[in-house]
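S.K.: Input: one structure, supplied below.
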Amino acid sequence: MDTQNPNVPSHAHTPVTGKKHPNRRHPHTGLVHDNTRHTTRFTVIGNHLAQHPELSLLAIGLSVHIQSLPAGARVDIKSLAARFPEGTTRIAAALRELEAHGYLRRVRERVPGGRIVTRTISCNQPGHSHSGTATPRPTPRKRTRPPGSKPLPAVPHPAHPAPALLQQATDLLADLHRHDPRLLLSTHDTAHLAPGVAAWLERDVTPAAVRHALTTDLPPAALRRPAALLAHRLTAQLPPPPPFATSPASPPPARHPLQTCDGCDRAFRAPAPGRCRDCRTEGAGLPEAA
């Protein structure tokens, strides 16, 4: 009875299952994240920006950089071009993309000294601004598009979308087909492009100049998507805000000729000969002769 069974294992083996199985291949392919939780010096970026379907890679990276800067940092084209190797042309185009999609706003305001300055406002969530000076962008309505069609590119939006301004922009777009029959736009396309035209008109561009920018140098062939071409032009050729008109500087005070004081022979400036200020003051304090 003390004979052991050599076929019985001396101890139970732990089964190898799941990811530890030597014959099981790693189930994940492609990207693998090696993340460490940040506790200091970090910026929260939404996936709506990091994975934006229409923004260029340069625009996304530039927006991430701007959102990481402290308040008051300089983000003009020259300062950004000095920081990055892309150059002023590409950086200016990326800033226009961010402005067209609501991630940047430029507002002009008067500082206490009376000077007009342009401030750049960075929005980490377009349409959810808490600034009192910002105009919230309207929530886009759900639009029905034909199957397989691509959405139109985004267009700039005016800082103050007044109804009269949008109506003027709509009338301008509806009249384009009179200048080129290929620019006959649908109601949906006109509503999409109207804010972009309004942004131009808000920057003191005349309707004739906007019409010229949209209808000049068009491709000679048939236009497959005229609204997309117009949207691209409204964004890529958006002019800068107009400078504020300043009042002419007042002329400098007149410079009087040198005169010799009749009381102390000291030279002083005055329009006519006489006494200098000191002699006039001393003379006023003397008692009158009897």
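The values are calculated or read from the model by the stated rules, or taken from the named source; none is laboratory data. Just so it is clear, the model here is predicted, and its values are computed rather than measured. Quick reminder, even Gly has a Cβ in these numbers, built from the backbone with ideal geometry, and neighbours come from all protein chains shown. Accessible surface is based on the protein model in full, side chains and every heavy atom, while ligands, DNA and RNA are left aside. Shrake-Rupley method; radii C 1.70, N 1.55, O 1.52, S 1.80 Å.
S.K.: For segment 50-83, how many residues meet the condition of being outside any helix (DSSP H, G or I) and touching a Leu at 6+ places or on another chain (Cβ under 8 Å)?
M.R.: Within segment 50-83, residues that are outside any helix (DSSP H, G or I) and touching a Leu at 6+ places or on another chain (Cβ under 8 Å) number 2.
S.K.: Considering each residue of segment 138-192, count those that are at pLDDT 90 or above, polar (S, T, N, Q) and out of contact with any helix residue (DSSP H, G or I) (no Cβ under 9 Å at 6 or more places or on another chain), and give that number.
M.R.: 1
Let's see how each residue does on (1) under 27 Å from Val107 (Cα atoms); (2) open to solvent by less than 100 Å² (accessible area, probe 1.4 Å):
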position: Gly30; (1), (2): no, yes
position: Asn35; (1), (2): no, no
position: Ile45; (1), (2): yes, yes
position: Glu54; (1), (2): yes, yes
position: Gly61; (1), (2): yes, yes
position: Lys78; (1), (2): yes, no
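S.K.: Can you work out which of the residues in segment 65-92 that are in contact with a helix residue (DSSP H, G or I) (Cβ under 7 Å, 6 or more places away or on another chain) and aliphatic (A, V, I, L, M) is modelled with the lowest pLDDT?
M.R.: Among them, the one singled out is Val75.
S.K.: Go through (1) open to solvent by 100 Å² or more (accessible area, probe 1.4 Å); (2) free of Cβ contacts under 8 Å to residues at least 40 places away in the same chain and name the single condition Ala94 misses.
M.R.: Of everything listed in (1) open to solvent by 100 Å² or more (accessible area, probe 1.4 Å); (2) free of Cβ contacts under 8 Å to residues at least 40 places away in the same chain, Ala94 misses just condition (1).
S.K.: Only one residue in Gly102, Gly72, Gly87 is without any contact (Cβ under 8 Å) to a residue 60 or more places away in the chain, buried (at least 16 other Cβ atoms within 10 Å of the Cβ) and either among the polar types (S, T, N, Q) or at positive phi (or both), so which one is that?
M.R.: Gly102
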